[in-house]
Amino acid sequence: MTTQQKPLGFGTLSLLVLAMGFAFNFPWGQANFMISHYLFNLINVPIYSNGTQGLHIPFVVAALFWIPTFWIARKNRSHYGTSVARNVAAFMLVFCIIGPIITVVDWFVNA
């Protein structure tokens with residue numbers, strides 16, 4: 001009995017893009033250095049929509065990683081790691097879309 005393994009290919013790149021998306025918002029080291037916060041401070045854009053609270057904008061911007069991951073994994077289903085990358089990216093996209101919607105609805109209800 002032979003088992004076929006999925007080949008490495010362009011679809012495997014989706015795993016790398018997925019890892020980059022997680023690294024974008026992950027706190028690194030003892031100083032909790034975050035790439036997203038550093039970039040937002042560098043271009044002088046607020047991290048939260050309402051001062052120190054509200055919508056965490058870098059989390060929504062991370063969708064720039066989840067969308068290509070989902071698209072690459074969907075187009076190259078026969079490559080290694082694409083099903084995991086596609087499912088995780090879809091899950092994160094749902095959070096990136098539903099989270100801001102809930103926040104905006106909360107603003108309208110409590111305003």
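No value in this document is a laboratory result; all are computed from the given coordinates. Here the structure is a predicted model, which means the values were calculated and not measured. Cβ atoms come from the backbone with ideal geometry, glycine included; neighbour counts cover every protein chain shown.
For this structure, a couple of remarks:
- FRET efficiency estimate (nearest 0.05) - Cβ-Cβ, residue 20 to residue 50, R0 22 angstrom: 0.20
- The overall shape of segment 39-108 is oblate: from the C-alpha gyration tensor, with semi-axes ordered a ≥ b ≥ c, the ratio a/c is 1.5 or greater and a/b is no larger than b/c.
- Using the Karplus relation 6.51 cos²θ - 1.76 cosθ + 1.60 with θ = phi - 60°, the per-residue 3J(HN,Hα) values for segment 93-98 come to 5, 4, 5, 5, 8, 6 Hz, with x marking Gly and Pro.
- Karplus-based coupling profile of segment 7-19, in residue order and whole Hz: x, 6, x, 4, x, 5, 4, 4, 5, 5, 5, 4, 5, with θ = phi - 60° in 6.51 cos²θ - 1.76 cosθ + 1.60 and x standing for Gly or Pro.
- Highest mean first, the peptides 56-67, 17-28, 39-50 sorted by other C-beta atoms within 10 Å per residue fall in the order 56-67, 17-28, 39-50.
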